[in-house]
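Inspection log for the structure reproduced underneath, given as structure tokens.
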Amino acid sequence: MSMTTDPTGISRRGVLQTAIASAAVATVGAGGLLVTREISAAKPDKGGVTRNPLYVPPTVSPGNFSISAAPSQADLGGGQLSRVLAYNGGVPGPTFRTTTGSSANIQFSNGLDDETTIHWHGMIVETAADGHPGDAVVPGGTYNYTYPIIQRACMNWYHPHPHTLTGEQVAFGLAGAFIINDNEEAALGLPTGQYEVPLVIRDTKLDRTGNLTFKASKSGFLGDTPLVNGTLDPTLDVDTAVYRLRVLNGANARNFRIALNNGAPFTVIGNDGGLLETATNVSQIEFAPGERLDLLVDFRNLAVGDKVMLQDVDTGWDLIEFVVTQTSNNPGTIPTGTLSTVTPLTNPVVTREFSFDGMTRINGQVYELDRIDFQVPRNQTELWRFTTGGNAPHPVHVHGASYQVVSRTGGRNTLYPWEGGWKDTVLLNDGETVEILIRFDDNAGFAYPAVYVMHCHKLSHEDAGMMLNFEVV
Ligand code: C2O
Ligand code: CU
Ligand code: CU
């Protein structure tokens, strides 16, 4: 049975939990993690929209953790249960948090009816831990993802990466955040605890009974309803303080262009690969599926009772409402000056060209699981040039290394402040040529040659074949 055609399979656990869920929805995942959402506190706002408390997934350590992917039910808000596919019962799944120098040991079990993998998007890991579609876990199967955390502080994320089924599995709810902290970041005294909030933003299309749906379409699955952390019309009570929003575009195909409705800027401090060298204030940010933003938002000068809406400018959607409910004793500050040092990659010795053609091909070829398209020597800086004949967005994502975006010509013809530092996904819009510099380090303990993929992160394009394998040797 596939969720696409007949999403009737409620797990036994889901049925039992539904029976007891009069005040809250609780599901217990294979990791023994209890996920609870209050469903009583929804509040109608002035416009008559009933807003639901933002779901903030539990934070867990990846040091020794069991995670399952399985059918479940989630309260998307107001008690409306939806059939989902979930990591440990949550949509999104638990937020992993760890520090550079520690390690992940994650025991995965596949409770889906289809094969799947977990890919740790943005994590620098060897092939065996990367969730490559060739390492698919069969229904009922298990897999151990074990890897050292060797990179700097940043917010990555995890999601399925099975051959041709990624879009569907993500659409039904499988995704979660993965935060790495380090000493450099800690020294900045950035907002933390309740003042640091992961926001997984995506769109969806609900059926008449409120279940998530998915329709395969090469051009990309576009929904008509935004979800933030799996919550419909979310609201979050905030203090008069600086907040750190860790934002992920978790959509299949939609770019979001976010802005605050009070005209206040975002202070951009980081992106996919961690902190930028310095903070920049911007009032609007367009970002594509797979990209992350590390934003400070300043509520210090607001009064209790004030409301601020995070919106998508292109659709006019209200994404999430912040309601100031309390004066903070510890409002925090916005850092000025240097946040981090980013050593520029220079002097590429090889240039490679990749054209993202139609909706299914890179350089004229559709993805095949076993075809390796090129080899990259370790420790060599290369320039990769991305072009497209249309059908954007093509968010170009590379596994196995972070990269630096050095130019965009044609189209928007500029680089944006949030594209500095280290990236793993870059938006290639129609008419654009984007150049990156990339180097795959020789990582101690990794098995070489290492096979990684590069692909369009419009998940429908990825599933239709806009992906390739390469080998780091
Ligand atoms: Cu977020 Cu290869 O994927
Ligand atoms: Cu990835
Ligand atoms: Cu694409």
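The values are calculated or read from the model by the stated rules, or taken from the named source; none is laboratory data. Given the structure is predicted, the values throughout are model-derived calculations rather than measurements. Counting neighbours? That spans all protein chains shown, and the Cβs are built from the backbone with ideal geometry, glycine included. All accessible areas refer to the heavy atoms of the entire protein, side chains included, with ligands and DNA or RNA removed. Shrake-Rupley method; radii C 1.70, N 1.55, O 1.52, S 1.80 Å.
Among Thr343, Thr333, Thr388, Thr338, which is free of Cβ contacts under 8 Å to residues at least 24 places away in the same chain and under 27 Å from the mean Cα position of the chain (by Cα)?
Answer to the selection: Thr343.
Filter the range 449-473 for residues that are among the β-branched types (Val, Ile, Thr) and over 23 Å from the mean Cα position of the chain (by Cα); which is nearest to ligand 2 (Cβ to nearest atom)?
Ranking the qualifying residues of the range 449-473, first place goes to Val472.
For the range 74-157, please list each of the strands (runs of 3 or more DSSP E) lying entirely inside it that holds at least 1 residues being over 30 Å from Ile320 (Cα atoms) and more than 16 Å from ligand 2 (Cβ to nearest atom). Explain how you work it out, then say what you get.
Values: elements: 81-87, 95-99, 103-110, 118-121, 142-148.
Qualifying strands (runs of 3 or more DSSP E): 103-110, 142-148.
Determine which member of the set Ser72, Ser109, Ser82, Ser103 is open to solvent by less than 10 Å² (accessible area, probe 1.4 Å) and more than 19 Å from the chain's Cα centre (by Cα). Show your work before the answer.
Values: Ser72 fails: open to solvent by less than 10 Å² (accessible area, probe 1.4 Å); Ser109 fails: open to solvent by less than 10 Å² (accessible area, probe 1.4 Å); Ser103 fails: open to solvent by less than 10 Å² (accessible area, probe 1.4 Å).
The match here is Ser82.
Out of the range 313-342, which residues are surrounded by 19 or more Cβ atoms within 10 Å (Cβ to Cβ) and in contact with a Phe, Trp or Tyr (Cβ under 8 Å, 6 or more places away or on another chain)?
Residues satisfying the conditions are Leu319, Phe322, Val324, Gly332.
Which one is nearest to the chain's Cα centre (by Cα) among residues in the range 420-433 that are more than 16 Å from ligand 3 (Cβ to nearest atom) and open to solvent by 10 Å² or more (accessible area, probe 1.4 Å)?
Trp422
In the range 373-412, what residues are within 16 Å of ligand 1 (Cβ to nearest atom) and on the phi > 0 side of the Ramachandran plot?
Of everything in the range 373-412, just one residue is within 16 Å of ligand 1 (Cβ to nearest atom) and on the phi > 0 side of the Ramachandran plot, namely Gly400.
Identify all residues within the range 177-199 that are farther than 23 Å from His159 by Cβ and either of a type outside the set (A, V, I, L, M) or not in a loop (DSSP other than H, G, I, E, B) (or both); write none if there are none.
Listed by number, the residues that qualify are Asp182, Asn183, Glu184, Glu185, Ala186, Gly189, Pro191, Thr192, Gly193, Gln194, Tyr195.
Can you name every residue in the range 343-359 that is open to solvent by 20 Å² or more (accessible area, probe 1.4 Å) and either within 16 Å of ligand 3 (Cβ to nearest atom) or under 28 Å from Gly250 (Cβ atoms) (or both)? Talk me through it step by step, then tell me what you get.
We begin by selecting, within the range 343-359, every residue open to solvent by 20 Å² or more (accessible area, probe 1.4 Å); these are 343-344, 346-353, 355, 357-359.
Residues satisfying the conditions are Ser355, Asp357, Gly358, Met359.
Select, from Gly140, Gly167, the only residue that is over 20 Å from the mean Cα position of the chain (by Cα) and either more than 16 Å from ligand 1 (Cβ to nearest atom) or modelled with pLDDT of 95 or more (or both).
So the residue among Gly140, Gly167 that is over 20 Å from the mean Cα position of the chain (by Cα) and either more than 16 Å from ligand 1 (Cβ to nearest atom) or modelled with pLDDT of 95 or more (or both) is Gly140.
Return a yes/no flag: does the range 124-137 have any residue that is away from ligand 3 (no atom under 16 Å from the Cβ), more than 20 Å from Val451 (Cα to Cα) and either out of contact with any Pro (no Cβ under 9 Å at 6 or more places or on another chain) or in contact (Cβ under 8 Å) with a residue 12 or more places away in the chain (or both).
Taking every residue of the range 124-137 in turn, none turns out to be away from ligand 3 (no atom under 16 Å from the Cβ), more than 20 Å from Val451 (Cα to Cα) and either out of contact with any Pro (no Cβ under 9 Å at 6 or more places or on another chain) or in contact (Cβ under 8 Å) with a residue 12 or more places away in the chain (or both).
Condition first: within 16 Å of ligand 3 (Cβ to nearest atom) and in a strand (DSSP E or B). Now tell me which residues in the range 391-407 satisfy that.
His394, Pro395, Val396, His397, Val398
Rundown of residues vs (1) in contact (Cβ under 8 Å) with a residue 60 or more places away in the chain; (2) closer than 25 Å to Leu468 by Cβ; (3) within 17 Å of the chain's Cα centre (by Cα); (4) within 16 Å of ligand 3 (Cβ to nearest atom), yes/no style:
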| position | (1), (2), (3), (4) |
| --- | --- |
| Arg152 | yes, no, no, no |
| Arg202 | no, no, yes, no |
| Asp224 | no, no, no, no |
| Thr231 | yes, no, yes, no |
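Go through the range 372-390 and give me each residue that's at pLDDT 95 or above and within 11 Å of ligand 3 (Cβ to nearest atom).
Result: Phe386, Thr388.
Which one of the conditions (1) away from ligand 1 (no atom under 12 Å from the Cβ); (2) within 23 Å of the chain's Cα centre (by Cα); (3) not in a helix (DSSP H, G or I) does Phe446 fail to meet, given that it meets all the rest?
(2)
Would you confirm whether any residue within the range 422-429 is over 28 Å from Thr127 (Cα atoms), of a type in the set (Val, Ile, Thr) and either in a strand (DSSP E or B) or away from ligand 1 (no atom under 16 Å from the Cβ) (or both)?
Step one: list which residues in the range 422-429 are over 28 Å from Thr127 (Cα atoms), which gives 429.
Those left that are additionally of a type in the set (Val, Ile, Thr): none.
Checked against the condition, which is being over 28 Å from Thr127 (Cα atoms), of a type in the set (Val, Ile, Thr) and either in a strand (DSSP E or B) or away from ligand 1 (no atom under 16 Å from the Cβ) (or both), the range 422-429 yields no hits at all.
Please pick out the residue among Thr240, Thr235, Thr209, Thr231 that is surrounded by fewer than 21 Cβ atoms within 10 Å (Cβ to Cβ), at pLDDT 95 or above and more than 17 Å from Asp463 (Cβ to Cβ).
Only one candidate passes the filter, namely Thr240.
All but one of (1) away from ligand 2 (no atom under 16 Å from the Cβ); (2) in contact with a Ser or Thr (Cβ under 7 Å, 6 or more places away or on another chain) hold for Val406; which doesn't?
(2)
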